[in-house]
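A.B. asks: Have a look at this one.
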Amino acid sequence: MAIDPKRQFIAQRQVARKLALITLYQWQMTGNSYHDLYVGIQEDKELAKDFDKADAAYYQSLCKYVIDNVEVVDEQLKPFLDRDPEHLGQIERAVLRMATAELLNHSETPYKVIVNEAVNLTKKFGADKAYKFVNGVLDKVGQSIRVDN
């Protein structure tokens, strides 16, 4: 049975987002370089298997943009937060940063898709009901960044 290219593309992006979330979470916790975090993903058997299924360029674009431009990303978030990004839960902060980077740099991806993917990751990895907070913030961020959507 032939693999549907569109489904494969979507799946590769989903895995890239999951791995980017893990990487950004680790970066927030350790302050390690992108290179060291990437090597750590490759050395972990389960994560390396996932990486083989991911859109590697997409993963890199999300991680590197947040790490290299965290102040820019946080400035996009601040108007829609009720507290400083440093006071958010680690997973929620990583998800919000990753999705904001995606909103800023991947206009080919509809903002509703980005928000939905971020909400799904928060449901899986974040605090109970944190997805509601992430959804509300990202919907506002998405509307501000993507005024044409």
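The values are calculated or read from the model by the stated rules, or taken from the named source; none is laboratory data. Note that the structure is a prediction, hence the values are computed from the model and not measured. Here the Cβ positions follow ideal geometry from the backbone for every residue, glycine too, while neighbour counts run over all protein chains shown.
A.B. asks: Being free of Cβ contacts under 8 Å to residues at least 60 places away in the same chain, among the small types (Gly, Ala, Ser) and in contact with a Leu (Cβ under 7 Å, 6 or more places away or on another chain) is the filter here, so list the residues in segment 87-112 that pass it.
C.D. replies: Of everything in segment 87-112, those that are free of Cβ contacts under 8 Å to residues at least 60 places away in the same chain, among the small types (Gly, Ala, Ser) and in contact with a Leu (Cβ under 7 Å, 6 or more places away or on another chain) turn out to be Ala99, Ala101.
A.B. asks: So which of Ala48, Ala101 is more than 13 Å from the chain's Cα centre (by Cα) and assigned to a helix (DSSP H, G or I)? Explain how you work it out, then say what you get.
C.D. replies: On the way: Ala101 fails: more than 13 Å from the chain's Cα centre (by Cα).
Exactly one residue qualifies, and that residue is Ala48.
A.B. asks: Just to verify a result, which residue in segment 1-38, among those that are β-branched (Val, Ile, Thr) and under 19 Å from the mean Cα position of the chain (by Cα), is modelled with the lowest pLDDT? Show your work before the answer.
C.D. replies: Going through segment 1-38, the residues β-branched (Val, Ile, Thr) turn out to be 3, 10, 15, 22-23, 30.
Pick out the ones that are also under 19 Å from the mean Cα position of the chain (by Cα) and you get 10, 15, 22-23, 30.
Details: Ile10: 91, Val15: 97, Ile22: 98, Thr23: 98, Thr30: 97.
Among those residues, the one meeting the criterion is Ile10.
A.B. asks: Considering only residues of segment 104-132 that are of a type in the set (Asp, Glu) and within 20 Å of Lys64 (Cα to Cα), which is surrounded by the fewest Cβ atoms within 10 Å (Cβ to Cβ)? Explain how you work it out, then say what you get.
C.D. replies: Keep residues of segment 104-132 that are of a type in the set (Asp, Glu), which gives 108, 117, 128.
Then keep just the ones that are within 20 Å of Lys64 (Cα to Cα); that gives 108, 117.
On the way: Glu108: 5, Glu117: 22.
Residue satisfying both the conditions and the ranking: Glu108.
A.B. asks: Still on this model: For segment 37-47, indicate whether the set of residues that are of a type in the set (Val, Ile, Thr) and touching a helix residue (DSSP H, G or I) at 6+ places or on another chain (Cβ under 7 Å) is non-empty.
C.D. replies: Of segment 37-47, the ones of a type in the set (Val, Ile, Thr) are 39, 41.
After this cut, where a residue has to be touching a helix residue (DSSP H, G or I) at 6+ places or on another chain (Cβ under 7 Å) as well, the list is 41.
Looking through segment 37-47, at least one residue is of a type in the set (Val, Ile, Thr) and touching a helix residue (DSSP H, G or I) at 6+ places or on another chain (Cβ under 7 Å).
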